[in-house]
Structures are given as structure tokens and as C-alpha cells.
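Undergrad: Below are the C-alpha cells for one structure; questions will follow.
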Protein chains: 4
Amino acid sequence: MMFGRRDDSFIRGQVPMTKAEVRYISVGKLGLQQDSVVYDIGSGTGSVALEIAGLSSDIKVYAIERKDEALDLIQKNIDASGVKNVQVIQGEAPEALEGLPVPTHVFIGGSGGNLFSILQTLYDGISGSLLRVVITAVSLETLEEMKQVESWFGVKDFELVQIQTTRTKKVGSHRMMQGENPIWICSFTFEK
Amino acid sequence: MMFGRRDDSFIRGQVPMTKAEVRYISVGKLGLQQDSVVYDIGSGTGSVALEIAGLSSDIKVYAIERKDEALDLIQKNIDASGVKNVQVIQGEAPEALEGLPVPTHVFIGGSGGNLFSILQTLYDGISGSLLRVVITAVSLETLEEMKQVESWFGVKDFELVQIQTTRTKKVGSHRMMQGENPIWICSFTFEK
Amino acid sequence: MMFGRRDDSFIRGQVPMTKAEVRYISVGKLGLQQDSVVYDIGSGTGSVALEIAGLSSDIKVYAIERKDEALDLIQKNIDASGVKNVQVIQGEAPEALEGLPVPTHVFIGGSGGNLFSILQTLYDGISGSLLRVVITAVSLETLEEMKQVESWFGVKDFELVQIQTTRTKKVGSHRMMQGENPIWICSFTFEK
Amino acid sequence: MMFGRRDDSFIRGQVPMTKAEVRYISVGKLGLQQDSVVYDIGSGTGSVALEIAGLSSDIKVYAIERKDEALDLIQKNIDASGVKNVQVIQGEAPEALEGLPVPTHVFIGGSGGNLFSILQTLYDGISGSLLRVVITAVSLETLEEMKQVESWFGVKDFELVQIQTTRTKKVGSHRMMQGENPIWICSFTFEK
């Protein structure tokens with residue numbers, strides 16, 4: 001599979017996972033190239049990292065995660081998928097980013113309350129080059145932080161959308177509608 | 001309270017309840033008058049019946065319900081609210097409707113697979129007068145039936161909308177978004 | 001009609017109107033009584049004021065609006081509906097509220113950038129009594145202000161929900177789905 | 001760009017286009033391989049065909065479209081993007097599919113009222129092999145047809161979801177929420 005893993009193809013445990021629809025949109029909004037260098041910050045189960053890594057073996061993905069339980073899952077999911085281009089980084093962003101190659105694209109699925117300092121570190125690290133960033137939010141507080149990115153930093157192509165997925169599930173002879181929690185997705189390009 | 005009961009003001013048990021937002025919209029789409037005669041078919045907890053009854057003591061409401069557990073809840077909710085103008089009818093529509101006064105407005109929150117025969121019975125019962133009907137659906141099958149009402153019967157002011165409510169819940173310092181299941185609401189006026 | 005006016009029953013012009021579904025929910029969340037005293041701030045076409053006034057002739061409604069075009073529409077809609085219990089107040093809240101009877105319920109459909117000062121004025125005006133408030137938002141900025149109400153004031157029963165309505169429209173033999181803009185609805189009770 | 005084209009990167013004219021979010025999800029649900037053979041039926045602007053073609057130069061994409069205006073746009077968009085692996089097929093499915101290589105994956109963004117016969121033709125064409133299909137719907141009628149796929153054909157991994165995107169647009173100092181029309185996405189694997 002190049003792109004489009006199913007949710008049930010990942011080992012999940014109790015770790016929250018970016019669901020298929022939001023995962024595909026998030027990867028799409030990154031606008032990846034054949035040789036992109038990507039951080040997946042707050043990698044969780046590693047589902048976004050694996051989706052990205054599958055696109056091209058020349059893409060380098062760094063999956064940053066602070067929680068032991070999740071780190072274990074990411075490694076299991078990497079092993080199960082057979083991809084060679086995801087490196088797991090244990091630790092908390094932004095500290096854990098130190099020493100990693102400068103990224104071309106960053107996905108932030110979880111920022112542990114450090115969104116501003118993560119973005120500041122990323123922004124400081126670019127020099128002339130562009131950096132594409134995609135962030136997801138499930139709380140109104142993170143939505144508010146997203147909104148402020150435009151005023152905090154030099155950005156272009158800023159976009160903020162809400163995605164609401166409704167699944168359907170057969171119960172007897174009826175197909176019931178089941179609303180997922182809405183997710184906000186913020187995407188932009190850092191430029192100095 | 002005239003109108004606008006809270007969900008937690010009803011005793012619920014395990015019986016499904018039309019939640020506040022859909023309840024208010026459904027009552028609104030009925031377009032009730034001071035002296036309306038209303039059926040609440042598949043009354044569940046009686047929440048819609050009570051909301052309607054509270055609007056005016058001159059409105060007569062018949063809460064039709066087949067399940068024992070729900071009948072018990074309806075009566076408890078009526079007793080707790082102190083309204084005098086809801087009569088509980090035990091049985092399954094359309095049979096259970098026999099002998100009741102001709103309605104001016106009907107809300108169908110649950111049809112037990114009998115939607116067509118219920119509508120046919122209601123349609124047969126009007127003579128020259130108009131009858132306003134509001135139906136809610138949580139499955140694609142009921143949505144399909146709603147769509148066919150226009151071709152089955154003589155109707156005017158037919159409308160079909162989907163409502164998706166997202167609640168927010170404080171978890172620690174964050175307010176999380178929680179999607180409810182979407183509900184389809186069909187409303188129309190029978191005319192011969 | 002007691003409750004449940006249709007959107008096309010109002011004369012609208014170019015003035016924005018709270019659409020039927022959000023209007024019914026907003027009135028429901030107010031939880032009105034037979035003798036409530038209600039402000040409709042940023043009344044627009046007067047649709048919410050008229051919906052409330054129709055519930056009981058003993059309810060007193062004050063429709064506050066600053067724009068001439070809207071004031072004209074409100075008066076036309078009042079005249080067309082025949083209700084006697086809506087008084088139109090020309091001016092900008094909170095200044096325009098001075099001298100009006102103390103309200104029991106307030107709906108704020110538009111605050112012209114003065115939401116905090118309107119709420120402060122309302123809060124200062126209650127003395128021992130409770131005041132129920134419902135606010136709608138179509139922008140992320142107003143959503144953020146809503147969120148802060150809990151920390152600004154003494155409130156109970158605070159609730160914040162998003163409503164997304166999808167209409168359907170027949171085009172040839174197909175019924176197309178048409179998404180409305182989502183609306184956030186905040187409701188709470190001021191208490192000192 | 002490998003994956004994740006922006007909507008404004010396509011020349012559109014008056015031809016309807018599968019918007020970015022639904023395009024990314026649709027491509028994701030296809031679950032493409034390095035050497036997939038893909039039909040894009042009802043290609044419109046060619047946006048889905050180009051998104052798929054960009055994933056790998058070994059993927060073969062056939063963009064089938066009946067309308068002259070759209071055919072012209074597809075070709076312009078292909079030329080602008082520089083991809084070499086999209087072949088434009090003029091005509092109406094299923095007739096236009098005759099003589100094309102057997103596909104591994106099919107996206108149906110528009111079926112011109114022929115959904116059943118297109119699916120029947122595709123189903124007849126597989127022999128032992130699997131065929132992955134993704135269909136989008138904007139009308140309740142197509143939604144109903146999607147639902148029937150499970151009973152018409154031998155399928156596995158059948159899924160039916162609704163996606164609702166809300167955009168935000170800066171108007172003065174406020175970021176307004178703007179609801180898109182909801183889209184239903186059906187995905188499944190044909191197997192005999």
C-alpha cells in the first residue's frame with residue numbers, strides 16, 4: 001500500500017489515533033514531495049507517520065512521542081508495516097527536536113500544551129527555506145491557538161477548516177448514522 | 001416553564017430521548033396553535049409531549065407508546081412536571097390511534113417500522129382540514145421513507161433537513177468538542 | 001401561530017436573520033415563562049422577538065437594534081404578525097438598554113463588538129434574581145468571547161454547542177444536500 | 001508535488017470539482033499501490049485523476065468524461081501539471097470503458113444516472129481479482145443507490161461516511177465559519 005491505510009490496520013491500544021479521514025486530509029494538506037523531511041509530533045500510534053512514509057521510501061519521517069505506551073505502539077506498527085523510513089524519537093517537543101535534520105513538513109497531532117514553543121522552535125530553525133505545517137485540534141483552546149499563528153509568525157497560505165465525519169453502522173436491517181467528534185485542521189507555510 | 005425543558009429535567013432510564021436541540025426544532029416545525037390537538041407517536045420518555053403540553057393548557061396531547069418501560073417513564077415525567085393536558089395511550093400506531101380525536105399536528109419520533117401505514121391512517125383521517133406532520137430519523141432507511149412522502153401523499157410545505165449538534169465538555173482546562181449523531185427532520189402539511 | 005414561524009413568513013430585505021432551526025433552539029434554551037421580560041439584542045429582522053412574543057401575550061419583549069434598515073423591517077414584521085407585546089428600541093446596546101425594565105431573559109444575536117460590556121451591564125443589573133442568557137455566534141472571535149463568560153461572571157448551567165443544518169433542495173429528479181454555515185449557541189444563567 | 005494539490009492549483013471554469021478535503025479522503029479510501037490501474041469516472045476538472053497520478057509515475061490513470069467543456073479543462077490541467085500517466089477518455093460510462101485495461105481501482109465522482117450499469121460493467125470485468133471502488137454523492141438519490149451496492153454485488157469492506165467541511169474566511173477582523181455541502185463517500189471492494 002502506498003497511501004490509504006485503514007484504521008483497523010493499526011495496533012491501537014488505548015492511545016488516541018487520528019482517524020482515517022482526518023489522516024488523509026492532514027497528509028494531503030502537507031503537500032509532500034518525493035524527498036520531504038517530515039516530523040510527526042505527538043505521533044500517538046504512528047498512523048500519520050506510517051501513512052507519510054508509505055508515499056515514498058525517499059521521504060524521511062521522524063515520529064516524536066513522549067509517552068511510553070505510545071512509543072511501544074509506534075514501533076509495533078512500524079514493524080508490522082515493514083516501512084524503513086520512520087525513525088522514532090522519544091521525548092517531548094520542542095526539546096526532543098534538537099539535533100534532528102531541518103524539516104520541510106511538520107504534522108502536529110498533539111502538542112502537550114507546548115504548541116507555541118514548538119512552533120517558535122520550528123520557525124527559528126528555517127533559514128530562507130519554507131516549512132509547511134499542519135496541526136489538528138479537538139479542543140476549543142487549541143483552535144484559539146491555531147487562530148493566533150497568523151499574528152505570531154510570518155505565514156502564507158493559512159487555512160483553518162473543521163471536518164465532521166459521520167459514520168454509518170448496520171444495526172439489524174437499518175443503517176444508523178453515528179457522528180464523530182469534529183476536528184479542526186490548520187495548515188500554513190512558514191516563511192521569513 | 002412554558003417552553004425549553006432541559007434534557008436532565010426528564011427521567012430517562014434506558015429509553016432513547018429526542019435531545020433538547022432536536023426537540024425544540026421539531027416543536028418549532030409543528031407550528032402549533034393555542035388549541036392544537038397533537039399526537040406524539042413513539043413518545044419514548046414523553047419529552048416532546050411535555051414540551052408541547054407546556055406551551056398552552058388548551059393544547060391536547062396524546063402520547064402514544066407501545067413499550068412498557070417507556071410508558072412508565074412517560075407517566076413519571078408527566079407527574080413530575082405537573083402538566084394536565086397529556087394523555088398516555090398504550091399501544092402501537094396506527095392501531096392505537098383508533099378512537100382518538102382527529103389531530104391537527106403529529107410528531108413521529110419512532111414508528112416501529114410502520115411509518116407508511118401510520119401516515120396512511122393519518123392521511124385517511126383528515127377531511128378537508130390540514131394536518132401538520134414532523135418526523136425524525138436516525139437511520140438511512142427512515143430517511144428514504146421520508147423522501148417518498150411527497151410521492152405517496154398530497155403534501156405542501158415539504159422540507160427535509162439534517163441537524164448535527166456538537167456539544168462541548170470541559171476536560172481539565174480544555175473544552176473538548178463532542179459530535180452527536182446527526183438527525184434528519186422531515187416536516188410537511190397533509191392536504192387533500 | 002403560537003410558536004414555529006417559517007423563515008419565509010418574515011420580511012427580510014438584506015438584513016441577516018437567525019434561521020428557523022437556530023431560532024427555535026435559541027428560544028428553547030431561554031426557557032421562557034408565562035410572564036418573562038425579554039431583551040432581543042441585535043434584533044435584525046425581529047424574527048426571534050416575534051417568536052418569543054407569540055408564546056404568550058403576557059411576555060414583554062424589547063427588540064433592540066441600531067441599524068435603520070433593520071428597525072424598519074422589525075416594525076413591518078411586527079405589524080404583519082399582529083403581536084402587541086414587542087417594543088422596538090432604537091440604539092446600540094448596552095447604552096440603549098438604559099431605562100428598560102430589568103429582564104429575566106436575554107437573547108443576543110448580534111453584539112456589534114460590545115459583547116463584554118453588554119454582559120457586564122446585564123450582570124450589574126441583576127440583584128439577587130437570576131438572568132438567563134442565550135448568545136449566537138457565526139465567527140471564531142465571538143466563540144472565544146463566549147468561552148470566557150464562565151471566567152468573567154458568576155454563571156450556572158453554562159452550555160456551548162455548535163449547530164450545523166443541512167437543507168435539501170430538489171434539482172430536477174434529485175434532492176441535493178446544501179450545508180448551512182454552522183452556528184455556535186452559548187446559554188447560561190447569571191447568578192450573583 | 002507527490003500528493004496534496006490545492007483547489008486553486010486547478011483550472012476550473014464552471015465545471016464542478018471534488019474539493020481538496022473530499023479528494024484526499026477519496027484517494028485515501030482507494031488504498032492505491034505503486035502499479036495501480038485506475039479509472040476516474042466523471043472526471044470533471046481531472047483533479048482526482050491528477051492527485052492519483054502524482055503518487056507514482058507507474059500508476060496508470062484513465063480520466064473518463066462525457067462533457068466537452070470538462071474534457072478541455074482536464075487536458076489543460078494535465079498539461080499544466082506535467083504528469084504523463086493520465087489518459088483522457090471521451091465518452092459516457094459504462095460504454096466508454098470498453099477496451100480499457102482492467103482496473104484495480106475506480107473512483108466515481110459522477111455517474112450521470114448510470115451508477116448501476118457502471119458498477120455492473122465493472123463487476124462483470126473482474127475475474128478472480130479484487131477491485132476497489134470509491135463513489136461520492138451530493139444527492140439523497142445517489143446515497144440510496146450507494147446503500148444498495150451491498151445487496152446488488154459481492155462486496156467486502158463496505159463503508160459509507162458523510163463528510164462535512166466548514167471553512168473559515170476572514171471578514172474584517174473576524175473569521176467567519178462557512179459550511180460546505182456535505183458529501184457522502186462510499187467505498188468497498190468488489191469480490192466474486
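Undergrad: Could you tell me which residue of the range D:148-168 is nearest to the other protein chains (Cβ to nearest Cβ), considering only residues that are outside any strand (DSSP E or B) and open to solvent by 40 Å² or more (accessible area, probe 1.4 Å)?
TA: D:Glu150
Undergrad: Assess whether C:Ser81 counts as being of a type in the set (Gly, Ala, Ser) and away from chain D (no Cβ under 14 Å).
TA: Yes: the conditions hold for C:Ser81.
Undergrad: Considering every residue within the range D:70-78, establish whether at least one is under 30 Å from C:Gly172 (Cα atoms), open to solvent by less than 10 Å² (accessible area, probe 1.4 Å) and among the charged types (D, E, K, R).
TA: No, because not a single residue in the range D:70-78 is under 30 Å from C:Gly172 (Cα atoms), open to solvent by less than 10 Å² (accessible area, probe 1.4 Å) and among the charged types (D, E, K, R).
Undergrad: Restricting attention to the range A:91-108, report how many residues are surrounded by 14 or more Cβ atoms within 10 Å (Cβ to Cβ) and free of Cβ contacts under 8 Å to residues at least 60 places away in the same chain.
TA: 5
Undergrad: Among (1) modelled with pLDDT under 95; (2) part of a loop (DSSP other than H, G, I, E, B); (3) of a type in the set (S, T, N, Q), which single condition is C:Asn181 missing?
TA: Here C:Asn181 meets the rest and fails (1).
Undergrad: For B:Arg23, state whether it is surrounded by fewer than 16 Cβ atoms within 10 Å (Cβ to Cβ) and within 14 Å of chain C (Cβ to nearest Cβ).
TA: Against the criterion (surrounded by fewer than 16 Cβ atoms within 10 Å (Cβ to Cβ) and within 14 Å of chain C (Cβ to nearest Cβ)), B:Arg23 does not qualify.
Undergrad: I need every pair where a residue in the range B:73-87 that is in a helix (DSSP H, G or I) has its Cβ under 8 Å from the Cβ of a residue that is buried (at least 19 other Cβ atoms within 10 Å of the Cβ) and of a type in the set (Ser, Thr, Tyr), sequence separation at least 6 or different chains.
TA: Taking only residues 6 or more apart or on different chains, the pairs are B:Leu73/B:Thr45; B:Ile74/B:Ser43; B:Ile74/B:Thr45; B:Asn77/B:Thr45; B:Asn77/B:Ser47.
Undergrad: Give the residues of the range A:2-20 that are at the interface with chain D (Cβ under 9 Å from one of its Cβ atoms), part of a loop (DSSP other than H, G, I, E, B) and open to solvent by less than 20 Å² (accessible area, probe 1.4 Å), sorted by residue number.
TA: Within the range A:2-20, A:Met2, A:Gly4 qualify.
Undergrad: Still on this structure: With (1) surrounded by 21 or more Cβ atoms within 10 Å (Cβ to Cβ); (2) at pLDDT 95 or above; (3) not in a strand (DSSP E or B); (4) not β-branched (Val, Ile, Thr) as the list, and A:Ala63 as the residue in question, which single condition is left unmet?
TA: A:Ala63 satisfies every listed condition except (3).
Yes or no, residue by residue, for (1) touching a residue at least 40 places away in the same chain (Cβ under 8 Å); (2) of a type in the set (Val, Ile, Thr); (3) facing chain D (nearest Cβ under 10 Å):
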site	(1), (2), (3)
C:Gly110	yes, no, no
C:Tyr123	yes, no, no
C:Thr136	yes, yes, no
C:Ser139	no, no, yes
C:Ser173	no, no, yes
C:Met176	no, no, yes
C:Ser187	yes, no, no
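Undergrad: Now for a different question. Tell me the residue from C:Val48, C:Val38 that is within 14 Å of chain B (Cβ to nearest Cβ), in a strand (DSSP E or B), crowded, with 24+ Cβ neighbours inside 10 Å and not acidic (Asp, Glu), please.
TA: C:Val38
Undergrad: Next question, about the same structure. Confirm whether C:Ile89 is closer than 30 Å to D:Thr142 by Cα and under 17 Å from the mean Cα position of the chain (by Cα).
TA: no
Residue-by-condition table, conditions (1) modelled with pLDDT of 95 or more; (2) crowded, with 17+ Cβ neighbours inside 10 Å; (3) not in a strand (DSSP E or B):
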residue: C:Thr136; (1), (2), (3): yes, yes, no
residue: C:Glu145; (1), (2), (3): yes, yes, yes
residue: C:Lys170; (1), (2), (3): yes, no, no
residue: C:Cys186; (1), (2), (3): yes, yes, no
residue: C:Lys192; (1), (2), (3): no, no, yes
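The values are calculated or read from the model by the stated rules, or taken from the named source; none is laboratory data. In this text the structure is predicted, and so the values were computed from the model without any measurement. We place every Cβ from the backbone using ideal geometry, glycine too, and count neighbours over all the protein chains shown. For the accessible areas, the whole protein counts, side chains as well, though only heavy atoms, and no ligand, DNA or RNA atoms are used. Shrake-Rupley method; radii C 1.70, N 1.55, O 1.52, S 1.80 Å.
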